[in-house]
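Student: Input: one structure, supplied below.
Each reported figure results from applying straightforward, stated rules to the coordinates on display, with no laboratory input. Keep in mind that what you see is a predicted model, and the values were worked out from it rather than measured. Here the Cβ positions follow ideal geometry from the backbone for every residue, glycine too, while neighbour counts run over all protein chains shown.
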Amino acid sequence: MSGAQEPRSSPAVRPTPQQSGSAAPAATTPAAAPSGRSATAVRAARGARVAVAILVLAALLTSTLTAIRDGSLAQHLSFFTNQSNLAFAALLLAGTALSRRRRPPWWDDLRGAVAFYLVMTGTIYALLVAPLDELLRWDIGWTGIVLHRLAPVAALLDWLLTPRRRTPSARRVLAWLAYPVVYLVATWVRGA
């Protein structure tokens, strides 16, 4: 022993939970925004997601009612554009309802897959489906603008600007291709 005595701690000076190594009780720690973002920015992002989801759902509902009126509901429901937009709207609403901590580990992969599907939808529409003169016009109907232009851009921005809990591996990114491949095969079989 060195002979030096450890000073006694008085009851008024106790180590804080952070100093003693134990976790602070949940009730005493303020809820911080993920990645240091301000609460205002988080609320604005949630509001934007809800607004985009409502707009996409309104466009889908409008186009579905038109398809029912025209007697082409089965064909309408089989479009990749409609399926991927519905998945995007559902994902946006579910993401705003679930706190970041309550989301399952595969949540980021689902977000990435849906963003990929919508970017693919917008790209294929622009390069293969839409006439060249339509790409520079805005008088194509609001549902077409929402489903083919706005939603793909919104999905890409949401994927790029929202922090992810884990980085997608090459294997998981390849798994994102399962749905488009199954869709393509089913379309070929149905069309044959």
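Student: Among G122, A178, L98, which residue has its Cα furthest toward the positive end of the charge dipole of the stretch 46-192, with +1 on Lys/Arg Cβ and -1 on Asp/Glu Cβ?
Tutor: Of the listed residues, the answer is L98.
Student: In whole Hz and in residue order, list the ³J(HN,Hα) couplings for the stretch 177-189 that follow from phi through the Karplus curve 6.51 cos²θ - 1.76 cosθ + 1.60, θ = phi - 60°; x for Gly and Pro.
Tutor: Those phi angles translate into 6, 4, 5, x, 5, 4, 4, 5, 5, 5, 5, 5, 5 Hz.
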